[in-house]
Amino acid sequence: MKNNLRVLFMGTPDFALGVLKKIFAEGFNLCGVVTAPDKQAGRGKKTRSPVVKQWAVSQNITVYQPKNLKSEEFYSDLQDIQPDVIVVVAFRMLPEKVWRFPEEGTFNLHASLLPDYRGAAPIHWALINGERKTGVTTFFIDKAIDTGEIIDQKEIHIDDSDDVGSLHDKLMDLGSELVIDTLNNVVSNNMSTKKQIIDSSQKKAPKLDRETTQINWHQTQEKVYNFIRGLSPFPCSWTRLDNNEQTLCKIYKVIKTSKESNQNPGTIYIDNKKIYVTTVDYDLEIENLQLQNKRRMDAKDAINGQMLSYGQRFIN
(Lines give C-alpha, C1' and ligand atoms only; values in the text may rest on other atoms or scores of the structure.)
Protein backbone atom coordinates (compact mmCIF):
# COMPACT_ATOMS: atom_id res chain seq x y z
CA MET A 1 0.00 0.00 0.00
CA LYS A 2 1.34 3.41 -0.98
CA ASN A 3 0.31 5.01 2.31
CA ASN A 4 2.70 2.56 4.01
CA LEU A 5 5.67 3.59 1.84
CA ARG A 6 7.65 6.21 3.76
CA VAL A 7 8.75 8.80 1.19
CA LEU A 8 11.37 11.42 2.00
CA PHE A 9 11.40 14.25 -0.55
CA MET A 10 14.41 16.43 -1.35
CA GLY A 11 14.15 19.57 -3.50
CA THR A 12 14.11 23.35 -3.43
CA PRO A 13 12.78 25.35 -6.46
CA ASP A 14 9.36 25.64 -8.14
CA PHE A 15 10.06 22.60 -10.33
CA ALA A 16 10.49 20.48 -7.19
CA LEU A 17 7.39 21.95 -5.56
CA GLY A 18 5.16 20.82 -8.43
CA VAL A 19 6.38 17.24 -8.00
CA LEU A 20 6.04 17.37 -4.21
CA LYS A 21 2.42 18.51 -4.46
CA LYS A 22 1.64 15.61 -6.81
CA ILE A 23 3.16 13.05 -4.43
CA PHE A 24 1.07 14.48 -1.60
CA ALA A 25 -2.12 14.55 -3.69
CA GLU A 26 -1.65 10.89 -4.67
CA GLY A 27 -1.74 9.85 -1.02
CA PHE A 28 1.82 8.72 -0.46
CA ASN A 29 3.18 8.87 3.07
CA LEU A 30 5.46 11.92 3.05
CA CYS A 31 7.56 11.39 6.14
CA GLY A 32 9.56 14.58 5.62
CA VAL A 33 10.88 17.20 3.22
CA VAL A 34 14.53 18.22 2.90
CA THR A 35 15.27 21.57 1.31
CA ALA A 36 17.86 24.36 1.27
CA PRO A 37 18.41 26.63 4.28
CA ASP A 38 16.57 29.96 4.42
CA LYS A 39 18.40 32.87 2.79
CA GLN A 40 18.51 36.61 3.15
CA ALA A 41 17.40 38.31 -0.05
CA GLY A 42 16.38 41.69 -1.42
CA ARG A 43 17.41 45.17 -0.38
CA GLY A 44 16.06 44.72 3.12
CA LYS A 45 17.95 41.43 3.54
CA LYS A 46 14.75 39.77 4.67
CA THR A 47 14.92 36.08 5.40
CA ARG A 48 13.15 34.02 2.75
CA SER A 49 12.28 30.35 2.90
CA PRO A 50 12.34 28.06 -0.16
CA VAL A 51 8.92 27.59 -1.77
CA VAL A 52 9.12 23.89 -0.96
CA LYS A 53 9.46 24.67 2.73
CA GLN A 54 6.62 27.19 2.69
CA TRP A 55 4.22 24.67 1.18
CA ALA A 56 5.35 21.75 3.35
CA VAL A 57 4.87 23.81 6.51
CA SER A 58 1.35 24.74 5.35
CA GLN A 59 0.59 21.00 5.11
CA ASN A 60 2.15 20.19 8.51
CA ILE A 61 4.92 18.14 6.90
CA THR A 62 8.20 18.06 8.84
CA VAL A 63 10.93 20.08 7.09
CA TYR A 64 14.70 19.59 7.38
CA GLN A 65 17.18 22.22 6.18
CA PRO A 66 20.69 20.82 6.69
CA LYS A 67 23.60 23.10 5.85
CA ASN A 68 25.85 20.07 5.56
CA LEU A 69 24.43 16.85 4.13
CA LYS A 70 27.50 14.96 5.36
CA SER A 71 26.98 15.96 8.98
CA GLU A 72 26.31 13.41 11.71
CA GLU A 73 23.34 15.54 12.75
CA PHE A 74 21.62 15.06 9.39
CA TYR A 75 22.46 11.35 9.34
CA SER A 76 20.90 11.09 12.77
CA ASP A 77 17.77 12.76 11.36
CA LEU A 78 17.67 10.12 8.61
CA GLN A 79 17.81 7.37 11.21
CA ASP A 80 14.88 8.98 13.00
CA ILE A 81 12.86 9.42 9.78
CA GLN A 82 13.54 5.89 8.48
CA PRO A 83 12.46 6.55 4.88
CA ASP A 84 11.78 3.58 2.61
CA VAL A 85 12.66 5.64 -0.48
CA ILE A 86 14.10 9.10 -1.16
CA VAL A 87 12.86 11.18 -4.11
CA VAL A 88 15.23 13.92 -5.28
CA VAL A 89 14.19 16.79 -7.57
CA ALA A 90 16.48 19.77 -8.29
CA PHE A 91 18.63 19.41 -5.18
CA ARG A 92 22.26 19.17 -4.19
CA MET A 93 24.56 16.23 -4.78
CA LEU A 94 24.02 13.69 -2.00
CA PRO A 95 26.78 11.91 -0.07
CA GLU A 96 26.83 8.15 -0.58
CA LYS A 97 25.79 7.30 2.95
CA VAL A 98 22.61 9.33 2.40
CA TRP A 99 21.52 7.96 -0.97
CA ARG A 100 22.32 4.42 0.12
CA PHE A 101 20.27 4.76 3.32
CA PRO A 102 16.71 3.79 2.24
CA GLU A 103 15.96 0.14 1.54
CA GLU A 104 14.18 0.92 -1.75
CA GLY A 105 16.90 3.31 -2.90
CA THR A 106 17.12 6.98 -3.84
CA PHE A 107 15.93 8.15 -7.23
CA ASN A 108 16.20 11.46 -9.00
CA LEU A 109 13.95 13.18 -11.54
CA HIS A 110 15.93 14.85 -14.34
CA ALA A 111 14.42 17.17 -16.95
CA SER A 112 15.87 15.50 -20.03
CA LEU A 113 15.97 12.20 -21.86
CA LEU A 114 19.15 10.87 -20.31
CA PRO A 115 21.92 10.25 -21.14
CA ASP A 116 21.60 13.44 -23.21
CA TYR A 117 21.66 16.75 -21.36
CA ARG A 118 23.24 15.63 -18.13
CA GLY A 119 23.99 18.69 -16.03
CA ALA A 120 22.49 21.72 -14.33
CA ALA A 121 20.48 23.32 -17.16
CA PRO A 122 18.83 20.65 -19.33
CA ILE A 123 15.71 22.66 -20.20
CA HIS A 124 17.76 25.66 -21.33
CA TRP A 125 20.21 23.72 -23.48
CA ALA A 126 17.54 21.65 -25.22
CA LEU A 127 15.94 24.89 -26.41
CA ILE A 128 19.24 26.61 -27.24
CA ASN A 129 20.20 23.64 -29.41
CA GLY A 130 16.86 23.70 -31.22
CA GLU A 131 15.70 20.25 -30.13
CA ARG A 132 12.26 19.15 -31.30
CA LYS A 133 11.70 16.81 -28.38
CA THR A 134 12.81 16.38 -24.80
CA GLY A 135 11.43 14.67 -21.73
CA VAL A 136 11.98 13.55 -18.17
CA THR A 137 13.85 10.65 -16.63
CA THR A 138 13.82 8.93 -13.26
CA PHE A 139 17.04 7.16 -12.32
CA PHE A 140 18.71 5.71 -9.25
CA ILE A 141 21.43 7.95 -7.86
CA ASP A 142 24.99 6.64 -7.85
CA LYS A 143 28.43 8.12 -7.24
CA ALA A 144 28.55 10.33 -10.36
CA ILE A 145 26.13 13.10 -11.44
CA ASP A 146 23.15 12.01 -13.57
CA THR A 147 24.72 8.68 -14.54
CA GLY A 148 22.71 6.16 -12.51
CA GLU A 149 20.56 3.37 -13.91
CA ILE A 150 17.45 4.66 -15.69
CA ILE A 151 14.11 3.60 -14.22
CA ASP A 152 11.66 5.23 -16.64
CA GLN A 153 11.25 8.08 -19.13
CA LYS A 154 8.49 10.17 -20.68
CA GLU A 155 8.90 12.18 -23.89
CA ILE A 156 7.36 15.50 -24.98
CA HIS A 157 7.35 17.57 -28.17
CA ILE A 158 8.95 21.03 -28.04
CA ASP A 159 6.84 23.68 -29.77
CA ASP A 160 8.57 26.43 -31.75
CA SER A 161 6.91 28.96 -29.45
CA ASP A 162 8.19 27.33 -26.24
CA ASP A 163 10.63 29.16 -24.01
CA VAL A 164 12.18 28.11 -20.71
CA GLY A 165 9.11 29.25 -18.78
CA SER A 166 6.57 27.24 -20.77
CA LEU A 167 8.75 24.15 -21.20
CA HIS A 168 9.64 24.21 -17.49
CA ASP A 169 5.95 23.96 -16.59
CA LYS A 170 5.25 21.21 -19.13
CA LEU A 171 8.18 19.14 -17.88
CA MET A 172 7.20 19.74 -14.25
CA ASP A 173 3.76 18.26 -14.94
CA LEU A 174 5.20 15.41 -16.98
CA GLY A 175 7.87 14.77 -14.36
CA SER A 176 5.26 14.67 -11.60
CA GLU A 177 3.43 11.91 -13.48
CA LEU A 178 6.68 9.99 -13.97
CA VAL A 179 7.60 10.20 -10.28
CA ILE A 180 4.18 8.81 -9.36
CA ASP A 181 4.63 5.97 -11.86
CA THR A 182 8.03 5.22 -10.35
CA LEU A 183 6.71 5.27 -6.78
CA ASN A 184 3.84 2.97 -7.77
CA ASN A 185 6.40 0.57 -9.21
CA VAL A 186 8.27 0.65 -5.91
CA VAL A 187 5.04 -0.20 -4.07
CA SER A 188 4.20 -3.08 -6.43
CA ASN A 189 7.81 -4.30 -6.51
CA ASN A 190 7.71 -3.96 -10.28
CA MET A 191 10.99 -2.14 -10.81
CA SER A 192 13.28 -2.64 -13.79
CA THR A 193 16.22 -0.47 -14.80
CA LYS A 194 18.66 -0.05 -17.65
CA LYS A 195 22.25 1.06 -17.45
CA GLN A 196 23.22 4.36 -19.05
CA ILE A 197 25.84 4.15 -21.78
CA ILE A 198 27.94 7.30 -21.41
CA ASP A 199 30.07 8.58 -24.29
CA SER A 200 31.55 11.88 -25.49
CA SER A 201 28.99 12.35 -28.28
CA GLN A 202 26.12 12.96 -25.89
CA LYS A 203 24.82 16.50 -25.43
CA LYS A 204 25.64 18.26 -22.18
CA ALA A 205 23.76 20.79 -20.06
CA PRO A 206 26.41 22.71 -18.11
CA LYS A 207 25.63 25.47 -15.65
CA LEU A 208 24.92 28.82 -17.30
CA ASP A 209 27.01 31.89 -16.53
CA ARG A 210 27.42 35.44 -17.79
CA GLU A 211 29.66 34.42 -20.67
CA THR A 212 27.40 31.65 -21.96
CA THR A 213 24.27 33.86 -21.91
CA GLN A 214 25.60 36.64 -24.17
CA ILE A 215 23.97 36.86 -27.60
CA ASN A 216 26.15 36.39 -30.67
CA TRP A 217 24.37 38.23 -33.50
CA HIS A 218 26.83 36.80 -36.05
CA GLN A 219 24.73 33.65 -36.37
CA THR A 220 21.65 32.60 -38.29
CA GLN A 221 18.22 33.86 -37.31
CA GLU A 222 17.28 30.35 -36.17
CA LYS A 223 20.26 30.04 -33.83
CA VAL A 224 19.77 33.47 -32.29
CA TYR A 225 16.04 32.83 -31.89
CA ASN A 226 16.65 29.52 -30.12
CA PHE A 227 19.33 31.07 -27.93
CA ILE A 228 17.03 33.85 -26.73
CA ARG A 229 14.03 31.60 -26.02
CA GLY A 230 16.37 29.09 -24.39
CA LEU A 231 17.23 31.67 -21.74
CA SER A 232 13.85 33.38 -21.27
CA PRO A 233 12.60 34.37 -18.79
CA PHE A 234 15.53 33.21 -16.65
CA PRO A 235 18.43 33.83 -16.50
CA CYS A 236 17.80 35.81 -19.74
CA SER A 237 20.10 36.47 -22.70
CA TRP A 238 21.91 39.79 -22.90
CA THR A 239 23.76 42.03 -25.30
CA ARG A 240 25.28 45.52 -25.34
CA LEU A 241 24.14 48.60 -27.17
CA ASP A 242 27.00 50.21 -29.06
CA ASN A 243 26.73 53.66 -27.52
CA ASN A 244 28.90 55.77 -25.22
CA GLU A 245 27.73 53.87 -22.14
CA GLN A 246 27.81 50.39 -23.74
CA THR A 247 24.33 49.96 -22.30
CA LEU A 248 23.42 46.45 -21.23
CA CYS A 249 20.21 45.08 -22.73
CA LYS A 250 18.34 41.89 -21.88
CA ILE A 251 16.24 40.34 -24.65
CA TYR A 252 13.24 38.31 -23.49
CA LYS A 253 11.25 37.64 -26.65
CA VAL A 254 11.81 37.84 -30.40
CA ILE A 255 9.82 36.78 -33.46
CA LYS A 256 11.25 35.29 -36.64
CA THR A 257 10.58 37.27 -39.82
CA SER A 258 11.04 36.60 -43.53
CA LYS A 259 12.96 39.87 -43.99
CA GLU A 260 16.44 39.26 -45.38
CA SER A 261 19.17 41.00 -43.40
CA ASN A 262 21.08 43.52 -45.50
CA GLN A 263 23.10 45.27 -42.77
CA ASN A 264 25.81 44.22 -40.34
CA PRO A 265 24.57 41.65 -37.80
CA GLY A 266 23.17 43.33 -34.70
CA THR A 267 21.96 46.44 -36.52
CA ILE A 268 18.72 47.88 -35.12
CA TYR A 269 16.01 49.53 -37.18
CA ILE A 270 12.48 50.64 -36.43
CA ASP A 271 9.69 50.16 -38.94
CA ASN A 272 5.94 50.63 -38.45
CA LYS A 273 6.42 50.97 -34.68
CA LYS A 274 8.30 47.68 -34.44
CA ILE A 275 11.93 47.03 -33.52
CA TYR A 276 14.00 44.78 -35.76
CA VAL A 277 17.57 43.50 -35.47
CA THR A 278 19.66 41.84 -38.15
CA THR A 279 21.47 38.49 -38.06
CA VAL A 280 23.60 36.84 -40.75
CA ASP A 281 20.55 35.87 -42.81
CA TYR A 282 17.10 37.07 -41.66
CA ASP A 283 15.90 39.78 -39.29
CA LEU A 284 14.33 39.21 -35.90
CA GLU A 285 11.58 41.37 -34.43
CA ILE A 286 12.18 42.25 -30.77
CA GLU A 287 8.96 42.04 -28.76
CA ASN A 288 10.15 42.34 -25.18
CA LEU A 289 13.37 43.68 -23.65
CA GLN A 290 14.94 45.42 -20.69
CA LEU A 291 17.55 48.15 -20.95
CA GLN A 292 20.01 48.74 -18.13
CA ASN A 293 18.43 50.51 -15.13
CA LYS A 294 15.01 50.35 -16.80
CA ARG A 295 12.02 48.10 -16.27
CA ARG A 296 11.21 45.21 -18.57
CA MET A 297 9.02 46.50 -21.41
CA ASP A 298 7.38 45.77 -24.74
CA ALA A 299 8.95 47.14 -27.90
CA LYS A 300 6.33 49.88 -28.33
CA ASP A 301 7.22 51.33 -24.92
CA ALA A 302 10.91 51.35 -25.82
CA ILE A 303 10.06 53.16 -29.06
CA ASN A 304 7.80 55.68 -27.33
CA GLY A 305 10.54 56.35 -24.78
CA GLN A 306 13.09 56.80 -27.60
CA MET A 307 15.38 54.28 -25.94
CA LEU A 308 16.56 52.79 -29.23
CA SER A 309 17.14 54.51 -32.52
CA TYR A 310 17.49 53.54 -36.18
CA GLY A 311 21.00 52.41 -37.10
CA GLN A 312 22.23 51.65 -33.61
CA ARG A 313 23.86 48.25 -33.13
CA PHE A 314 23.93 45.51 -30.59
CA ILE A 315 27.49 44.24 -30.24
CA ASN A 316 28.91 40.91 -29.10
Legend entry - Of all residues making up the stretch 82-106, the number that are in a helix (DSSP H, G or I) and within 21 Å of I180 (Cα to Cα): 1
Legend entry - Filter pass, L183 being in contact (Cβ under 8 Å) with a residue 12 or more places away in the chain, of a type in the set (A, V, I, L, M) and either touching a Cys at 6+ places or on another chain (Cβ under 8 Å) or assigned to a helix (DSSP H, G or I) (or both): yes
Inset, instruction - Say whether the condition of being among the polar types (S, T, N, Q), touching a Ser or Thr at 6+ places or on another chain (Cβ under 6 Å) and open to solvent by less than 10 Å² (accessible area, probe 1.4 Å) is met by at least one residue in the stretch 138-158. - result: yes
Inset, instruction - Identify all residues within the stretch 261-307 that are among the aliphatic types (A, V, I, L, M), part of a loop (DSSP other than H, G, I, E, B) and either at pLDDT below 95 or open to solvent by less than 50 Å² (accessible area, probe 1.4 Å) (or both); write none if there are none. - result: M307
Inset, instruction - Hand me the list of strands (runs of 3 or more DSSP E) wholly inside the stretch 2-56 holding 2 or more residues that are open to solvent by 40 Å² or more (accessible area, probe 1.4 Å) and at pLDDT below 95. - result: 39-41, 46-48
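Okay, residues lined up against (1) in contact with a strand residue (DSSP E or B) (Cβ under 6 Å, 6 or more places away or on another chain); (2) more than 19 Å from S161 (Cα to Cα):
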{"position": "T247", "(1), (2)": "yes, yes"}
{"position": "I268", "(1), (2)": "yes, yes"}
{"position": "K273", "(1), (2)": "no, yes"}
{"position": "D283", "(1), (2)": "yes, no"}
{"position": "M297", "(1), (2)": "no, yes"}
{"position": "A302", "(1), (2)": "no, yes"}
{"position": "Q306", "(1), (2)": "no, yes"}
{"position": "R313", "(1), (2)": "yes, yes"}
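The values are calculated or read from the model by the stated rules, or taken from the named source; none is laboratory data. Note that the structure is a prediction, hence the values are computed from the model and not measured. Reconstructed Cβ throughout: ideal geometry from the backbone, glycine too, with neighbour counts over all protein chains shown. Calculation scope for accessible area: heavy atoms of the full protein, side chains included, ligands and nucleic acids excluded. Shrake-Rupley method; radii C 1.70, N 1.55, O 1.52, S 1.80 Å.
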